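> One structure, pasted below without further comment.
The values are calculated or read from the model by the stated rules, or taken from the named source; none is laboratory data. On a predicted model such as this, the values are computed, not experimentally measured, just so you know. Note that we place each Cβ from the backbone using ideal geometry, even for glycine, and neighbour counts take in every protein chain shown.
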Amino acid sequence: MQNENAPLMRRVVRWGLNELYTKFAFAYDAVSVLVSRGEWRTWTRAAIPFVQGARVLEIAFGTGNLHLDLYDAGFTPIGIDLSPNMHAVTQAKFRAQKRTMPRLARAHVQALPFSDASFSTLVMTFPPGFVYDSGAMQELWRVLQARGVLLWVDAPQFYPRDTPSRFLSWLFQTTGGCANPETDEIARLLQNSHDGALWRMWHWRVERVESKYSAVHVFIGTKNANPN
């Protein structure tokens with residue numbers, strides 16, 4: 001029954017996420033705190049220890065929380081997000097904290113407005129479906145410097161301490177909203193991608209980052225200059 005309902009549930013989740021990214025962007029933080037039991041910002045911060053170099057691009061920065069955290073960690077990132085609503089929310093947060101306004105741009109990930117080899121690190125947290133888009137992966141590879149890294153934060157897992165934790169972990173996996181390293185996600189992507197060669201443009205490893213109540217995974221792709 002679960003398997004039969006999963007495609008419908010995935011469509012509902014994608015619809016809901018699209019609504020949160022657009023007309024209901026003001027509610028995104030509250031919803032993310034609710035579904036993560038307060039762990040969402042801990043999960044997104046898991047990327048920071050793996051950032052390398054000074055040229056950092058955050059893909060789909062959303063409500064700007066990780067952008068603020070990157071600044072606090074000593075980085076001066078650039079951010080792209082297609083949603084004007086998310087731009088407005090992020091800018092409001094920076095103004096409220098009396099910070100210098102961030103360097104943000106509206107752009108499709110399939111057509112990034114940056115020259116080749118512009119960044120040492122690319123960061124994306126719980127990204128939407130563009131991770132399965134060969135054009136998007138080609139663009140990410142193009143704007144990254146040699147030996148640069150693509151950081152993909154995903155696959156949160158609650159420790160099974162109570163029924164809500166077990167239910168939310170099940171829900172994340174059933175809806176397909178998160179990658180699952182326990183099923184060898186990178187190998188699956190290589191197999192199912194429309195152009196597997198694009199995934200071979202990276203050397204992948206997965207780091208599991210533990211917190212008090214949950215764990216999250218950081219997929220780390222190092223640019224492979226010779227993917228053949």
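Residue by residue, here is whether (1) in contact with a helix residue (DSSP H, G or I) (Cβ under 8 Å, 6 or more places away or on another chain); (2) at pLDDT 85 or above; (3) of a type outside the set (S, T, N, Q); (4) more than 18 Å from Ala47 (Cβ to Cβ) holds:
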| residue | (1), (2), (3), (4) |
| --- | --- |
| Gly135 | no, yes, yes, yes |
| Gln145 | no, yes, no, no |
| Leu151 | yes, yes, yes, no |
| Leu168 | yes, no, yes, yes |
| Arg188 | no, no, yes, yes |
| Ser193 | yes, no, no, yes |
| Leu198 | yes, no, yes, yes |
| Ile220 | yes, yes, yes, no |
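> In addition: Residues of the stretch 80-107 being within 11 Å of Phe26 (Cα to Cα) and touching a helix residue (DSSP H, G or I) at 6+ places or on another chain (Cβ under 6 Å), which ones?
Asn85, Met86, Val89
> While we're on this one: Just one of the numbered conditions (1) modelled with pLDDT under 90; (2) among the small types (Gly, Ala, Ser); (3) surrounded by fewer than 19 Cβ atoms within 10 Å (Cβ to Cβ) is not true of Ser32; which one?
Looking at each condition in turn, Ser32 falls short on (3).
> Oh, and also: Applying the selection to the stretch 143-157, what residues are in contact with a Ser or Thr (Cβ under 9 Å, 6 or more places away or on another chain) and of a type outside the set (S, T, N, Q)?
Listed by number, the residues that qualify are Val143, Leu144, Arg147, Gly148, Val149, Leu150, Leu151, Trp152, Val153, Asp154, Pro156.
> Among the strands (runs of 3 or more DSSP E) confined wholly to the stretch 57-167, which include 2 or more residues that are crowded, with 17+ Cβ neighbours inside 10 Å and touching a residue at least 60 places away in the same chain (Cβ under 8 Å)?
The strands (runs of 3 or more DSSP E) meeting that bar are 119-125, 144-158.
> Would you call Val12 loosely packed, with under 14 Cβ neighbours inside 10 Å, modelled with pLDDT under 65 and among the aliphatic types (A, V, I, L, M)?
Values: loosely packed, with under 14 Cβ neighbours inside 10 Å: yes; modelled with pLDDT under 65: yes; among the aliphatic types (A, V, I, L, M): yes.
Yes, satisfied.
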